[in-house]
Amino acid sequence: MKRNIFFTLAACFVMLLTSCDKDVDLVGTTWKANYSNTVSIEGMEANISLDMTLHFKDETNYTMSVNTSATVMGQTMPGESNTEDGTYTFDGENGVFDDEQPFTYNKDDKTITMTIDLDGENAEMFGSNQITLTFKEK
């Protein structure tokens with residue numbers, strides 16, 4: 001009898017430790033991020049702005065819309081507007097877009113963060129090998 005109680009308690013303890021409860025359900029949510037920086041474009045300083053909207057359509061599919069603009073010598077010029085669909089995985093804290101771009105959910109400040117690696121011309125333009133984007137739920 002003692003042995004059965006011990007095994008029952010042990011099984012309950014193991015299930016408690018291995019159960020995964022998501023902190024957030026992303027399905028149907030929309031998140032926004034804004035990024036701005038001064039960059040060098042063909043030797044001229046420009047202020048760029050990126051406005052991104054991330055929508056989690058279901059448990060594995062998302063849509064990302066990006067609108068850009070640049071201000072050079074006092075003139076603001078709209079850039080590209082682009083919308084792309086993709087897939088993602090998410091375990092409640094960590095995720096990956098399109099099997100290659102990791103992201104994290106911070107439950108304390110309720111944000112999604114991803115760091116994008118830059119190389120070559122983009123790294124030179126931004127003056128960095130990475131940019132970090134922080135999304136807040138809309």
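Bear in mind these aren't lab numbers, they're just calculated from the coordinates by the rules spelled out. Just so it is clear, the structure is predicted and the values come from calculations on it, not from any experiment. So basically every Cβ, Gly included, is an ideal-geometry build from the backbone, and we count neighbours across all protein chains shown.
How much length is gained on full extension from Thr104 to Ser128, taking 0.36 nm per residue of separation minus their Cα-Cα distance?
Contour length minus Cα-Cα distance gives 6.5 nm.
Compute the length gained on full extension between Asp58 and Asp119: take 0.36 nm times their separation in residues and subtract their Cα-Cα distance, giving the result in nm to one decimal.
Taking Asp58 through Asp119 to full extension adds about 18.8 nm, to one decimal.
Describe numerically, in nm with one decimal, the distance between label points set 7 Å from Cα along Cα→Cβ at Asn34 and at Ser49.
Result: 0.7 nm between the two label points.
Can you give the FRET efficiency to the nearest 0.05 for Asp91 and Lys136, using r as the Cβ-Cβ distance and R₀ = 22 Å?
The calculated FRET efficiency here is 0.60.
Where does the range 59-138 land on Rg(C-alpha)/(2.2 N^0.38 Å)?
1.29
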